[in-house]
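S.K.: Here it is, the structure in full.
The values are calculated or read from the model by the stated rules, or taken from the named source; none is laboratory data. Not measured: the values here are computed from a predicted model. Using ideal geometry, Cβ is built from the backbone for each residue, glycine included, and neighbour counts are taken over all protein chains shown.
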Amino acid sequence: MGTGILWRSLTNTPPRREELAPHRSSRPAARVHALAASKGATVAQVALAWLLAQGEQIVPIPGTRSAQRVEENTGAADLTLSEGDLTRIKEILPSGGFGSRYPEGMNPDWK
């Protein structure tokens, strides 16, 4: 989730993540981890529960690589996020995300 920022993944680091300043990515990730821990959930479950809370028109389709992840992801349906939780997530994570989607040389030039 979040191209690995929320998972704290260090494998296959794309250039986009390399440009992120630690203060812009690690602190929000730590706060989301803390929220998940306070709910007895994983970050993935909180992310999916947040999507489910956005309305019936939003249907998350998580990618999974193992049966364990399928079970984890389905647990998000049982996770209830309060209005306070939703507000906290909105405060933690900026609209639009962190940094550019692609490295400078890969951005399309639509002139």
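S.K.: Output the number of residues of the stretch 81-99 satisfying the condition of being without any contact (Cβ under 8 Å) to a residue 60 or more places away in the chain and of a type in the set (Phe, Trp, Tyr).
M.R.: 0
S.K.: Return the residue satisfying two criteria in turn: it lies in the stretch 37-69 and is surrounded by fewer than 16 Cβ atoms within 10 Å (Cβ to Cβ) and of a type in the set (S, T, N, Q), and of such residues it is modelled with the lowest pLDDT.
M.R.: Thr64
S.K.: When the stretch 61-80 is examined, which residues are found to be free of Cβ contacts under 8 Å to residues at least 40 places away in the same chain, part of a loop (DSSP other than H, G, I, E, B) and over 12 Å from the mean Cα position of the chain (by Cα)?
M.R.: Ile61, Gly63, Thr64, Arg65, Ser66, Thr80
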